[in-house]
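Colleague: Here's a structure for you.
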Amino acid sequence: MPGQGLPGETSARFYCETKGTGMTPITIIPQPHHLSQGRWNLLRDNDGALYLLVQCEASFVSFERLVMLDEIELEDYRGLGWLSLQHLASRISYFATQYADRSVTGERLQRALEVTRSGSANDS
């Protein structure tokens, strides 16, 4: 829609050489929190499963969500590495309710929190 920008979009507009198409390139400026890993940790449990522990924020509440990577997310991680985990962590944080049914709780969550708070978490 004209006049409505996308997240991270600059207000500057650059016109294509083919103005008749009605297309305009959009310049995206990455946000600092999209480029750092300070809000999530990748963990491997004794069973070999990979989990993502994400610091989520919803309105004025912050909480941790632990999600076990599914087959598609594992494939993305094997192919894209850090980038796929950063994207997944952002999705879990911003769309927390979509991941509520996959939230790991109980003893496994407590172990994940202990490891990350003690500073011995893997920074992969």
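Values quoted throughout were computed directly from the atomic coordinates according to the rules given, and no laboratory measurement underlies them. These figures come from a predicted structure and were not determined experimentally.
Colleague: Report relative contact order for the range 36-117 in percent, whole number only (criteria: Cα-Cα under 8 Å, sequence separation at least 6). Mind dumping the intermediate values first?
Modeller: Details: 93 pairs, mean separation 22.7, N = 82.
Taking the mean separation of contacting Cα pairs over the length of the range 36-117, I get 28 percent.
Colleague: Here is a further query. Taking the alpha-carbon set of the range 62-124, what are its Rg and Dmax in Å?
Modeller: So, for the range 62-124, Rg and Dmax equal 12.2, 31 Å respectively.
Colleague: May I pose another question? Quick one: what are the phi-derived ³J(HN,Hα) couplings along the range 41-51, Karplus 6.51/-1.76/1.60 with θ = phi - 60°, whole Hz, x for glycine and proline?
Modeller: Taking θ as phi minus 60°, the curve returns 9, 9, 10, 10, 8, 4, 7, x, 6, 9, 10 Hz for the range 41-51.
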